[in-house]
Amino acid sequence: MTFTALSLRPAPGRRDELIAYYRSAGILEASGAIASQVLVPEDDPDTVVVTALWADDDARAAWQNSPRRLEFARGMAPFFDSADAASTRVFRVAHHHVTR
């Protein structure tokens, strides 16, 4: 499995609009990830972190190359005022546990 953490820094005052866009557009649901979430760090309320757990690198690559993802990215563009407002880290899952 692969885990990704996308860190986003929307323009000042646009964080809640960005989160609302994620919800209304159904971005997490469209991604194909096993699990995903939108987080707001308590110590940095101007940042949004989007995490996703992928079955494998192929599933993640399918989303990265998806025309729908490009469409969502275009829809999010107005929420940012900097080209470097997004960064992604990719992790290989070395150990995993889910409580049911």
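When Rg and Dmax are taken over the Cα atoms of the chain, they come to 13.7, 41 Å. Label-to-label distance, residue 42 versus residue 20, with points set 7 angstrom from Cα along the beta-carbon direction: 2.7 nm. In plain terms, the chain from residue 98 to residue 84 could stretch by 1.6 nm, reckoned as 0.36 nm per residue minus the Cα-Cα distance.
Of the GluC sites (Glu not before Pro) found in segment 14-70, those in coil by DSSP whose Cβ has at most 12 other Cβ atoms within 10 Å are 42. Under the convention that each Lys and Arg Cβ holds +1 and each Asp and Glu Cβ holds -1, the size of the dipole of segment 6-100 around its Cα centre is about 260 debye. Contact order for the chain, expressed relative to its length and based on alpha carbon pairs under 8 Å spaced 6+ residues apart, stands at 46 percent.
Values in this text are rule-based calculations from the coordinates and carry no lab data. Just so you know, these numbers come straight off a predicted model, no measurement behind them. In this analysis, Cβ positions are derived from the backbone assuming ideal geometry, glycine residues included, and neighbour counts consider all displayed protein chains.
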